[in-house]
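Values in this text are rule-based calculations from the coordinates and carry no lab data. Fair warning: this is a prediction, and the values are worked out from it, not measured in the lab. Note: ideal-geometry Cβ built from the backbone for every residue, glycine included; neighbour counts use all protein chains shown.
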Amino acid sequence: MFKIKFCGMTNIDDCFAAVDLSVDFIGFVFYRKSARYIEPKTARRITERLAGKVKTVGVFVEETGDEVREIIDYCDLDFAQVYGGTVCDEVKAEKKISAYRIGDKLPGVAADGLVLFDSFTNGFGGSGVPFNINLLKGHSALDRAFIAGGVSEENVAGVLQLRPFGIDLVSSIEKYKGKKDVRKMKNLVEKVRSAEI
C-alpha cells in the first residue's frame, strides 16, 4: 500500500484530521523562510498529543546538523527531511529522508534510507508545481521514494503508476498556506487508497 505524507502542518486540528484519515506521515516545516514554518515549541505540543499515532517528520533546508538533531530530539520526531548539503551526511540513514529537487534531469541519490523527489522551484517544497515524473520511470530508488511537487487529485493516478513508496502532499490539500482543507485531504486519501495499480 502506498504511503501518504501530509506536509506543512501547522496546527493540531489539521494533524488530528490527518490521523483520522489514516495518513502515514505528517511533516512540520522548520525552514524559517517558508509560509508554513512552525516554531519547534508548537510542533512539540502537537507531537505530544499525537502520541505515536502517525510518523512525524521535520523538514530542514538551511539548518546545521546540530540544529537538526536538536529539533528532532526536542520535538520527538521520527524523521528529518533534509534538502542537500552536508546535513544529509550528519543525520542517520534510518532517521533521514533525503530530498532532491528535480529540474530537467535526475540528481544522484543517497545509497540508503528514504528519499523524496520534489520540483525544482525558487522556494523549497509546497509550490504546487509538478515536474516531469517520466524522468523517474524505472528509477532504482522508487521503492523507497516519496514523490512530491504538485501531486493533486488530477495527476495522482499517474504518479502512482510509477509505484513509489509514497506521495507527499502540501498545496493540493490546503485552503491557504498553512491551513489544510479537510475535504481535499479526504478526497486525495480516497483516491490513493482506491487506486488499482
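Overview of results
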item: Lysines whose Cα lies under 22 Å from that of K41, excluding same-chain neighbours fewer than 8 positions away; result: K5, K33, K53, K55, K95, K96, K177, K179, K180
item: Selected from S152, S98, S140 as most flexible by GNM, with the chain as the system and alpha-carbon contacts under 10 Å; result: S140
item: Mean ellipticity per residue at 222 nm, deg cm²/dmol - from DSSP H runs of n ≥ 4 across the chain, formula -39500 (n - 2.57); result: -7500 deg cm²/dmol
item: In range of the label at D13: residues from segment 151-195 whose backbone nitrogen is under 16 Å from the point 7 Å along Cα→Cβ; result: 174-186
item: Gaussian network model of the chain, Cα within-10 Å springs - most flexible of V159, V170, V29; result: V159
item: Normalised per residue, the volume of the convex hull around the Cα set of the chain (Å³); result: 106
item: Linear extension gain, V182 paired with R45, 0.36 nm per residue minus alpha-carbon span; result: 47.2 nm
item: Only Lys, Arg (+1) and Asp, Glu (-1) charged, at Cβ; the chain dipole about Cα centre in debye; result: 480
item: The chain: most fluctuating residue of A141, A35, A43 per GNM, C-alpha cutoff 10 Å; result: A35
